[in-house]
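Worksheet: the structure to be examined is printed underneath.
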Ligand SMILES: [Zn+2]
């Protein structure tokens, strides 16, 4: 199997195998933040299996806003000011769709 050139260190291995990258992530991303990012990434992968790519910025913005609207509705339905499972799930989906927007529509710099 041909490995890609690593985005972080330019060696020929997958980005996920890069020790420099792992060290960087460990140094700058807190454990609680990393867990949330993994949750959002898992949702991104589920969405990618289920739906085709975002086709335009207008389509992508619509999808992100639709998820943000669902988050706002979950918050409005909550009696107390807590972050219940429904709200958390909707917030993860907003994050995943924002990631997808950048990924599908050329967000790499
Ligand atoms: Zn590397």
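The values are calculated or read from the model by the stated rules, or taken from the named source; none is laboratory data. From a predicted model like this one, the values you see are computed outputs, not experimental measurements. Cβ: placed from backbone, ideal geometry, glycine included. Neighbour counts: every protein chain shown.
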Exercise. Scan the stretch 1-35 for residues that are assigned to a loop (DSSP other than H, G, I, E, B) and either in contact with a strand residue (DSSP E or B) (Cβ under 9 Å, 6 or more places away or on another chain) or at pLDDT 85 or above (or both) and jot them down.
Key: 2, 3, 4, 6, 11, 13, 18, 29, 30
Self-check item: Evaluation of residue 39 against (1) more than 22 Å from residue 105 (Cβ to Cβ); (2) in contact with a helix residue (DSSP H, G or I) (Cβ under 8 Å, 6 or more places away or on another chain); (3) within 16 Å of the ligand (Cβ to nearest atom) (one fails), failing number
Solution: (3)
Quiz item: Residue check, residue 106 against (1) under 25 Å from residue 8 (Cα atoms); (2) touching a helix residue (DSSP H, G or I) at 6+ places or on another chain (Cβ under 9 Å), all met but one. Which one?
Solution: (2)
Self-check item: Tabulated pairs, the stretch 16-29, first more than 9 Å from the ligand (Cβ to nearest atom), second at pLDDT 80 or above and not in a helix (DSSP H, G or I), C-beta under 9 angstrom, 6+ apart or interchain
Solution: 24/18
Quiz item: Just one of the numbered conditions (1) in a helix (DSSP H, G or I); (2) in contact (Cβ under 8 Å) with a residue 24 or more places away in the chain is not true of residue 75; which one?
Solution: (2)
Exercise. All but one of (1) closer than 18 Å to residue 94 by Cβ; (2) within 20 Å of the chain's Cα centre (by Cα); (3) surrounded by fewer than 10 Cβ atoms within 10 Å (Cβ to Cβ) hold for residue 57, so report the exception by its number.
Key: (3)
